[in-house]
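Novice: The structure under discussion is supplied below as structure tokens; questions concerning it will follow.
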Amino acid sequence: MAQGQEEQPRDERNPGVPLDLGWLREVHVNRSAVERRAATLPARRTVKREWQAAWLLRAITCLDLTTLAGDDTPGTVRRLCAKARHPVRSELLEALGVPEERIQVAAVCVYHNLVSVAVAALRGTQIPVAAVSTGFPAGQIALEQKLAEIAASVRAGAREIDVVISRAHVLTGNWQALYDEVRAFRMACGEAHMKTILATHELATLRNVGMASLVCMMAGADFIKTSTGKEAVNATLPVGLVMTRAIRDYYERTGYRVGLKPAGGIRSAKTALDWLILMKEELGDEWLNSRLFRIGASGLLSDIERQLSYFVTGHYAAAHYNPLV
């Protein structure tokens with residue numbers, strides 16, 4: 001943080017800052033060093049037994065429980081929302097000594113046309129509905145359509161909007177266009193929190209990932225998100241390392257904290273722990289909460305519940321004891 005600058009209140013949203021192209025030119029990424037660091041993270045810090053159970057419960061509270069399939073129905077979403085309300089079996093939480101009301105997922109993420117269904121199913125809880133928007137997953141529609149889609153989801157009750165950036169702006173180095181686009185998204189979101197999906201596998205280089213992360217934060221993103229979940233390669237620790245360091249750089253220069261959301265391919269409890277370790281190592285305990293860290297996943301919760309069952313009983317529960325929907 002700049003000398004003499006006062007730290008912002010921890011609950012203050014990132015308002016964004018003017019685009020700084022000089023700052024972007026300072027971004028350099030050593031791929032081999034990033035990959036070495038990412039490979040050592042899981043080995044440097046391990047959690048076992050009751051500590052592992054505690055970390056897995058924390059992972060649940062940071063989970064954006066997601067369904068983004070072509071065969072989604074209102075019934076699918078209602079079942080997902082029921083699981084969001086009670087993500088872990090009562091007898092497991094009782095054995096762990098954790099009050100059931102303390103364990104809920106961070107959000108439920110759906111397509112726009114199912115937002116109203118999810119909002120109704122979650123009524124009476126504090127669980128927000130997140131809507132994927134702006135032509136998800138490719139983002140290949142006109143800006144006017146993207147803004148209209150955001151506005152429609154907000155009107156339907158979405159309190160969080162996951163937007164996709166135009167990858168072409170990154171690949172052609174048109175940072176002003178990317179900034180203007182994301183800034184317009186932020187204005188359309190209003191009070192709804194905005195997560196900007198970088199689709200990192202489609203950005204060609206880790207340096208592009210770092211620069212795109214900074215531009216989205218400058219434009220007012222509340223979270224930067226790795227992937228759509230529809231790419232050939234989705235959330236990876238090397239990409240996460242580049243993005244967390246961009247978040248740290250942004251915080252040190254502006255005083256505003258921005259969250260990270262890895263998404264896509266995170267299906268095992270062990271992988272979720274790896275991401276929690278990354279956040280703790282690179283950003284510290286302040287980021288280990290749903291306000292600044294989310295995991296976008298659909299099948300992850302089943303494996304976490306399976307691991308908690310093993311901790312409590314000494315054996316893995318059959319699959320039908322841990323249904324997701």
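Novice: Report, by residue number, each residue of the range 58-81 that is under 15 Å from Pro128 (Cα atoms) and either within 21 Å of the chain's Cα centre (by Cα) or in contact (Cβ under 8 Å) with a residue 60 or more places away in the chain (or both).
Specialist: Selection gives Ile60, Thr61, Cys62, Leu63, Asp64, Leu65, Thr66, Thr67, Val77, Leu80, Cys81.
Novice: Among the listed residues Ala118, Ala131, Ala151, identify the single one that is in contact (Cβ under 8 Å) with a residue 24 or more places away in the chain and part of a strand (DSSP E or B).
Specialist: Working: Ala118 fails: part of a strand (DSSP E or B); Ala151 fails: part of a strand (DSSP E or B).
Exactly one of Ala118, Ala131, Ala151 is in contact (Cβ under 8 Å) with a residue 24 or more places away in the chain and part of a strand (DSSP E or B), namely Ala131.
Novice: Moving to a separate point now. Return the only residue of Ile247, Ile224, Ile266 being assigned to a loop (DSSP other than H, G, I, E, B) and in contact with a Gly (Cβ under 9 Å, 6 or more places away or on another chain). Please lay out each step first, then the result.
Specialist: On the way: Ile247 fails: assigned to a loop (DSSP other than H, G, I, E, B); Ile224 fails: assigned to a loop (DSSP other than H, G, I, E, B).
Answer to the selection: Ile266.
Novice: Any idea which residue in the range 266-325 is surrounded by the most Cβ atoms within 10 Å (Cβ to Cβ), counting only those that are touching a residue at least 60 places away in the same chain (Cβ under 8 Å) and among the small types (Gly, Ala, Ser)?
Specialist: Gly296
Novice: Within the range 45-72, work out how many residues are exposed (fewer than 10 other Cβ atoms within 10 Å of the Cβ) and in a helix (DSSP H, G or I).
Specialist: Of the residues in that region, 1 qualify.
Novice: Scan the range 206-240 for residues that are within 20 Å of Ala192 (Cβ to Cβ) and in contact (Cβ under 8 Å) with a residue 60 or more places away in the chain and jot them down. Reasoning before the result, please.
Specialist: Applying the first criterion (within 20 Å of Ala192 (Cβ to Cβ)) to the range 206-240 yields 216-225, 228.
Matches in the range 206-240: Met217, Met218, Ala219, Gly220, Ala221, Asp222, Phe223, Lys225, Thr228.
Novice: Identify all residues within the range 289-325 that are within 12 Å of the chain's Cα centre (by Cα) and either of a type in the set (A, V, I, L, M, F, W, C) or assigned to a helix (DSSP H, G or I) (or both); write none if there are none.
Specialist: If the condition is that a residue be within 12 Å of the chain's Cα centre (by Cα) and either of a type in the set (A, V, I, L, M, F, W, C) or assigned to a helix (DSSP H, G or I) (or both), then Leu292, Phe293, Ile295, Ala297 are the ones that fit.
Novice: When the residues of the range 175-208 are filtered to those that are among the charged types (D, E, K, R) and more than 17 Å from the chain's Cα centre (by Cα), which remaining residue is nearest to Lys261 (Cα to Cα)? Before you say what the answer is, go through the steps one by one.
Specialist: Residues of the range 175-208 among the charged types (D, E, K, R): 180-181, 183, 186, 191, 195, 202, 207.
Applying the additional criterion that residues be more than 17 Å from the chain's Cα centre (by Cα) yields 180-181, 183, 191, 202, 207.
Numbers: Asp180: 22, Glu181: 20, Arg183: 19, Glu191: 19, Glu202: 17, Arg207: 19 Å.
Applying the filter and picking the extreme gives Glu202.
Novice: Among Met217, Met211, which is more than 20 Å from Pro137 (Cβ to Cβ), part of a helix (DSSP H, G or I) and over 16 Å from the mean Cα position of the chain (by Cα)?
Specialist: When all the criteria are applied, what remains is Met211.
Novice: Across the range 269-287, what is the number of residues that are assigned to a helix (DSSP H, G or I) and under 19 Å from Asp222 (Cβ atoms)? Working first, answer last.
Specialist: We begin by selecting, within the range 269-287, every residue assigned to a helix (DSSP H, G or I); these are 269-282, 285-287.
Checking the rest, the ones that are also under 19 Å from Asp222 (Cβ atoms) come to 275, 279, 282, 286-287.
Residues meeting the conditions: 5.
Novice: Which of (1) crowded, with 19+ Cβ neighbours inside 10 Å; (2) among the basic types (Lys, Arg); (3) without any contact (Cβ under 8 Å) to a residue 60 or more places away in the chain is the odd one out, the single condition Lys195 does not satisfy?
Specialist: (3)
Novice: Considering the range 203-225 alone, what residues qualify as being over 17 Å from Val29 (Cα atoms) and either surrounded by fewer than 21 Cβ atoms within 10 Å (Cβ to Cβ) or of a type outside the set (A, V, I, L, M, F, W, C) (or both)?
Specialist: Matches in the range 203-225: Gly220, Asp222, Lys225.
Novice: Out of all the residues in the range 134-146, which are touching a helix residue (DSSP H, G or I) at 6+ places or on another chain (Cβ under 9 Å) and either at pLDDT below 95 or assigned to a helix (DSSP H, G or I) (or both)?
Specialist: Correct list: Leu143, Lys146.
Novice: Looking only at the range 94-104, decide whether some residue is in contact (Cβ under 8 Å) with a residue 60 or more places away in the chain, over 17 Å from Ser298 (Cβ atoms) and either in contact with a helix residue (DSSP H, G or I) (Cβ under 9 Å, 6 or more places away or on another chain) or part of a loop (DSSP other than H, G, I, E, B) (or both).
Specialist: yes
The values are calculated or read from the model by the stated rules, or taken from the named source; none is laboratory data. Every value quoted in this text rests on a predicted model; they were computed, and no experiment measured them. Every residue, glycine as well, gets a Cβ built from its backbone with ideal geometry; the counts of neighbours run over all protein chains shown.
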